[in-house]
1. Placing +1 on the Cβ of each Lys and Arg and -1 on the Cβ of each Asp and Glu in the chain, which of Leu85, Gly33, Gly179 has its Cα farthest towards the positive end of the resulting dipole?
2. Find the relative contact order for the chain and round it to a whole percent, using C-alpha pairs within less than 8 Å whose residues are 6+ positions apart.
3. Where in region 18-60 is the amide nitrogen less than 12 Å from a point lying 7 Å along the Cα-to-Cβ axis of Ser6?
4. Per 0.36 nm of contour for each residue apart, how much would the distance between Ala90 and Trp107 grow if the chain were fully extended, relative to their Cα-Cα spacing?
5. Gap in Å between the Cα centre of region 183-202 and the Cα centre of region 102-180?
6. Of Ser73, Ala125, Gly141, which is farthest on the positive side of the dipole of region 63-213, counting Cα position, with +1 on Lys and Arg Cβ, -1 on Asp and Glu Cβ, and the Cα centre as origin?
7. For helix 110-121, report the angle its Cα long axis makes with the longest principal axis of the Cα atoms of the chain; keep it between 0 and 90° and round to the nearest 10°.
8. Give, rounded to the nearest 20 debye, the magnitude of the charge dipole that the chain has about its Cα centre when Lys and Arg contribute +1 at Cβ and Asp and Glu contribute -1 at Cβ.
Amino acid sequence: MPPEPSPSDWQFPPAGTADDHGLVGIGADLEPGTLLNAYRNGLFPMPLSGRRPIGWWSPDPRGILPLDGLRVSRSMRRSAQRYELRFDHAFDEVVAACADPGRDGGWITGAIRTAFGRLHEIGWAHSVESWDLETGELAGGLYGVKVEGLFAGESMFHRGRDASKVALMGLVDRLQAVGCVLLDVQWLTPHLESLGAVEVPRERYLELLETALGTTTRPFSEP
């Protein structure tokens, strides 16, 4: 397990106190200990409208992708042959691509990029990347945070056809290989639903989270 950062100076309200939009609280900081404390309590950070301040969210229902439920189409399998999967090879590049302000619904601020970069440096945040075998360029990827048996997916991007989907395939394979049991995708979108993601009530998510946090896993870097 990566080294545990200094404890957070903040204590979050229970996830069940969220309002109708899933908002639990506003403010705090993005220190590594604060972020891990949030994930362990069923929360995740995302700015409110206007890209600030930081809100802490626990939506009901919650989107998850069952690790045995990923829908892999024939086109995805064909696309996978065009890419090389790498793990934690270009974390900052992946986050920067996900944070592109030209993307619809962009929410990743400079502060968030810095915070997750710090989490990556100490071993808690990870990226999965699809590299184009023909050009050698980064074609897509995703990043998130692994806490015991939980992987909290944060964002993904693509520049090549199916590149982010191929990265998701690689993520699911890696999570199964190291013993993770819960892949959190926060809110269900039509895109994620088409890939097999489902919604569960918050109460059920917290039960799954408790199990995940009690699950012993191998390091994400291990194949």
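1. Leu85
2. On the way: 432 pairs, mean separation 53.0, N = 223.
Over the chain, the number comes to 24 percent.
3. It comes to 31-34, nothing else.
4. On the way: separation 17, 0.36 × 17 = 6.12 nm, distance 2.04 nm.
Extending this stretch completely gives an extra 4.1 nm.
5. 16 Å
6. Ser73
7. Computed tilt is about 80 degrees.
8. Numbers: 21 positive and 30 negative charges, 113 e Å.
With only Lys, Arg, Asp and Glu charged at Cβ, the dipole is about 540 debye.
Read the figures in this text as sums done on the coordinates, not as results from a lab. Since we're looking at a predicted model, the values are computed, not measured. As a convention, Cβ positions derive from the backbone with ideal geometry for all residues, glycine included, and neighbour counts pool all protein chains shown.
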